[in-house]
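Participant: Structure below; questions to follow.
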Amino acid sequence: MPREARATCESGLYHVNARGDSRQSIFEDEADYQRFLELLRNRLGATGVELGAWCLMDDHYHLLLRDISDELSAFMSGLNGAYATYFNNRHHRTGHLFRGRFDSRCIEDEGYALTVVRSILRNPERAKVAKTNSYRWSSYAAYREQGGMLSKSLVKELFPSIDELYRFVDASEADGTAQVLEQRGRNRRADDELRAYMQTEFSLEARELGKEPRARRDSVLRHAKREGFPIRQIERVTGISHGVIQRA
């Protein structure tokens, strides 16, 4: 019986994880962790997939990925296949390394996206392996680094500042996502302001922008992004897909 096709996510955001077959370790030592990260970096560089967060544990890993070009299955198949070949050769073993295909969950809601970032980065602490801010094999320390394989644009869409990201991840569970979103709502520009901006500057109803010729549509989208309106807000107000807005 053929495998059921994975559902695609309109936002392009996915929480992806893969586990060792029969809960076996997939990382035995530092060399294994480093090799996996090298393969991940190479796959990101060769595709349009973006990385927002990651954490490697001894028998599984978590990734926050954005895929707007329907490359996720090929991306993950290539990553897991290359790593399994490396691992089996290095550790003189045969058979499956991972438990079936990777798991992916679609993220359409902003609150859920924030929760996933926090969950990924706090995984070592929940497992009583290490403190969140001292665990080596996660992206926790990478957000302040220049360069690297994290998508700065994706991270910025989720967290307007790196300080906000760290405050959210480090906060106690009592300071939950709802409070962060409530505070953020007071600080962000309202949807009506974006509608007014498009009407005033371009004589356009926001919901009609998608019907404009491509060159004009993309020009308006670029101006809106330069004005500081987040891609998710533009998507919500105009009905134009995330990928189109990002590429404009």
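Values in this text are rule-based calculations from the coordinates and carry no lab data. Since the model is a prediction, treat every value here as computed from it, not as a measurement. Note that we place each Cβ from the backbone using ideal geometry, even for glycine, and neighbour counts take in every protein chain shown.
Participant: Which of (i) 1.01; (ii) 0.93; (iii) 1.10 is the computed Rg/Rh (Cα atoms, Kirkwood Rh) for the structure on display?
Facilitator: For Rg/Rh (Cα atoms, Kirkwood Rh), the calculated option is (i).
Participant: Going by C-beta contacts inside 10 Å, put Asp191, Asp58 in order with the fewest on the left.
Facilitator: In increasing order of surrounding Cβ atoms, one gets Asp191, Asp58.
Participant: Moving to a separate point now. Return the calculated 222 nm mean residue ellipticity for the chain, to the nearest 500 deg cm²/dmol, obtained by summing -39500 (n - 2.57) across DSSP H runs with n ≥ 4 and dividing by the residue count.
Facilitator: Calculated mean residue ellipticity at 222 nm is -14500 deg cm²/dmol.
Participant: When you count, for each residue, the other Cβ atoms within 10 Å and take the mean per peptide, how do 35-43, 75-83 rank with the highest first?
Facilitator: Result, highest mean first: 75-83, 35-43.
Participant: Let me ask something additional. For a quick check: sort Arg207, Arg217 by the number of other beta carbons within 10 angstrom, fewest at the front.
Facilitator: Starting with the residue having the fewest Cβ neighbours, the order is Arg207, Arg217.
Participant: Right, something else. Taking other Cβ within 10 Å of each residue's Cβ, how do His92, His242 sort, fewest first?
Facilitator: With the fewest neighbours first, His92, His242 line up as His92, His242.
Participant: Averaging sequence separations of C-alpha pairs under 8 Å and six or more residues apart, then dividing by the length of segment 189-243, give the relative contact order as a whole percent.
Facilitator: In percent, rounded to a whole number, it is 39.
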